[in-house]
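The structure appears right after this line, and notes come after that.
The values are calculated or read from the model by the stated rules, or taken from the named source; none is laboratory data. Predicted model only: the values in this text are computed from it and were never measured. Neighbour counts are summed over all protein chains in view; Cβ atoms, including those assigned to glycine, are modelled from backbone coordinates with ideal geometry.
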Amino acid sequence: QVHLAESGGGLVQPGGSLRLSCAASGSITGIYIMGWYRQAPGKQRTLVAHIISTGTKEYADSVKGRFTISRDNGPNTVRLQMNDLKPEDTAVYYCSLQTMTSDYWGQGAQVTVSS
């Protein structure tokens with residue numbers, strides 16, 4: 001069983017920065033995809049960015065050039081550096097891990113961008 005522990009998030013003014021981290025406990029083997037989705041009130045959950053076990057990174061068009069996803073000291077931790085935040089980035093951000101056999105989700109971290 002894998003558990004995802006998220007940290008980071010909070011309140012920031014437009015143009016500011018935040019960083020989210022997600023640590024996966026348990027053993028992860030084989031091909032996997034780990035990353036972040038977000039869900040704003042009244043909207044569907046959508047992909048923000050993810051990194052495949054091969055190292056390939058993918059980003060939503062709305063965050064390209066502003067957000068950076070990275071792996072930290074091994075495959076079990078990913079970080080999302082969010083720069084130049086905009087009010088439309090306000091949402092609950094969920095860490096996601098997709099393995100060959102299962103999908104896992106974190107509990108969610110609130111990110112609020114407001115002046």
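Summed over the range 35-49, the residues that are within 8 Å of the chain's Cα centre (by Cα) and modelled with pLDDT under 95 give a count of 0. For the residues Thr77, Thr101, Thr56, the requirement of being free of Cβ contacts under 8 Å to residues at least 24 places away in the same chain and closer than 20 Å to Gln1 by Cα singles out Thr101.
Taking strands (runs of 3 or more DSSP E) as the structural unit, those lying wholly within the range 12-115 and holding at least 2 residues that are surrounded by 16 or more Cβ atoms within 10 Å (Cβ to Cβ) and in contact with a strand residue (DSSP E or B) (Cβ under 9 Å, 6 or more places away or on another chain) correspond to 18-25, 33-39, 46-52, 67-71, 77-82, 91-98, 109-113.
Mind listing just one residue for me: the one in the range 12-28 that is touching a residue at least 60 places away in the same chain (Cβ under 8 Å) and closer than 20 Å to Gln1 by Cβ and, of those, farthest from the chain's Cα centre (by Cα)?
Going through the range 12-28, the residues touching a residue at least 60 places away in the same chain (Cβ under 8 Å) turn out to be 12-20, 22, 24, 28.
Okay, now just the ones that are also closer than 20 Å to Gln1 by Cβ, so 22, 24, 28.
Values: Cys22: 7, Ala24: 12, Ile28: 18 Å.
Here the answer is Ile28.
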